[in-house]
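The values are calculated or read from the model by the stated rules, or taken from the named source; none is laboratory data. None of the values given here were measured: they were computed from a predicted structure. Ideal geometry is used to build each Cβ from the backbone, glycine not excepted, and the neighbour counts take in all protein chains shown. These area figures cover heavy atoms from the full protein model, side chains too; ligands, DNA and RNA do not enter into them. Shrake-Rupley method; radii C 1.70, N 1.55, O 1.52, S 1.80 Å.
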Amino acid sequence: MARGSSKRDFTPDFDPDCGDAPLTCARQDIVIGRWQGLRELLRATGPNWLARGHRIRLLAQACAGSSTVESWLAAEPHSADALVLRAATETARAFHVAIAAGRGVPIDQQRIDTAVLSCLKAADAYPDDPTPWISLISLARLYPSGVRRQELGRWWDELHRRDPYSVEGHLQVLHYYSSRWHGTHGLMYDFARDAAGVAPPGCPLPVLVQYARVEEFRYALDAARGQHASMGLGQHWSNDGAVGDVRRTWERWIMGRAEGDVVPGELRDLNYLAHAACQAGIHDIAEPLLRMLGRRATRAPWAYTGDPEKQLVRWRREVGVRG
């Protein structure tokens with residue numbers, strides 16, 4: 001925001017690419033069916049797993065409704081990057097089918113199996129890449145009864161060996177263990193807190209607890225058909241446990257985090273912590289987090305508690321963010 005402008009002039013920027021300009025260019029290429037931009041982007045990204053995971057996840061969403069990744073594979077059938085993106089795209093397509101079918105309605109298992117095989121092929125093509133294993137763990141949710149514990153454990157071990165502190169990988173396991181899918185609130189929180197407990201200082205994994213709290217809120221809200229009061233959700237964000245969780249994540253992650261700009265791959269995580277701090281009324285933590293975010297924002301999780309833009313404008317005013 002320009003110097004001297006009023007706090008009322010603040011407008012959050014919900015760029016779906018989180019400020020990743022090269023990714024935005026590549027996604028525009030998908031619209032016209034040009035795959036060369038995808039190849040160049042992933043080649044330039046290299047083994048930066050945070051940036052690579054962020055880019056592949058969003059590229060896959062864009063590729064799901066086109067044949068661009070198939071065109072790339074037709075031209076370069078042995079490209080490891082193309083095979084990894086194809087696996088993520090097949091995963092996105094399977095979830096789109098599941099969403100269209102509606103919660104609790106099983107989808108064609110052959111579609112899930114095909115996506116799983118695509119992930120395993122990608123993992124063989126690019127042995128160091130954790131991304132296909134993240135896609136596999138995500139797909140496990142779509143099987144009506146989940147997958148065998150040993151199978152999930154094997155996929156998790158493969159991911160952990162390649163990227164032990166992957167927030168996205170942990171997040172997919174957290175979703176699997178949630179009440180919405182194949183677990184319970186207790187299993188979900190236990191997993192999140194265990195991961196937070198072993199994370200080194202400056203690692204973002206403690207924010208998994210904030211993701212779990214949002215997941216619990218969404219589950220309860222669905223059960224209450226949107227009636228917050230009827231489910232006793234008034235203290236969901238501000239009870240002693242929630243406040244303590246926010247302070248622990250702040251201390252373990254942000255206080256240990258190296259100085260530097262917020263990169264696109266961590267913007268969503270920072271929004272989850274900022275949202276939790278605001279909802280809990282912890283202004284001494286919310287204020288510096290909102291300053292770190294600046295205008296950059298993600299719609300989730302703000303959209304689960306109201307209008308995202310209005311909330312961000314209001315909270316910046318309430319906690320006293322300047323500039």
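Structure summary
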quantity	calculated
Stretchable slack from Arg218 to Arg291, in nm (0.36 nm times residue separation minus alpha-carbon distance)	23.6 nm
Nonlocal amide H pairs with Arg296, under 5 Å, H built at 1.01 Å	Asp13
HN-Hα J in Hz across the range 120-133 - Karplus 6.51, -1.76, 1.60, θ = phi - 60°, x for Gly and Pro	5, 5, 5, 4, 5, 6, 10, x, 7, 7, x, 4, x, 6
Near-label residues of the range 88-105 by backbone N, under 14 Å of a point 7 Å along Cα→Cβ of Lys121	88-91
Sites Arg247 and Glu40 - FRET efficiency at Förster radius 45 Å, r taken between beta-carbons, to 0.05	0.55
Peptides 162-172, 40-50 ordered by average Cβ neighbours within 10 Å, highest first	162-172, 40-50
R0 of 41 Å, Cβ-Cβ distance Thr11-Glu158: FRET efficiency to nearest 0.05	0.45
Rounded percent of accessible protein surface that carbon and sulfur make up, the chain, 1.4 Å probe	50
Karplus-derived 3J(HN,Hα), 6.51/-1.76/1.60, for each residue of the range 270-284, Hz, glycine and proline x	5, 5, 5, 6, 4, 4, 5, 5, 5, 5, 7, x, 9, 5, 5
Under the Karplus curve 6.51 cos²θ - 1.76 cosθ + 1.60, θ = phi - 60°, whole-Hz ³J(HN,Hα) for the range 67-84, x wherever Gly or Pro sits	10, 4, 5, 5, 5, 4, 5, 5, 7, 9, x, 9, 5, 5, 4, 5, 5, 5
Structure-based [θ]222 nm, the chain - -39500 (n - 2.57) summed over DSSP H runs of at least 4, per residue, nearest 500	-19500 deg cm²/dmol
Average accessible area per residue (Å²) across the chain - probe 1.4 Å, nucleic acids and ligands excluded	47
√(5λ) per eigenvalue of the Cα gyration tensor, the chain, largest first, Å	32, 24, 19
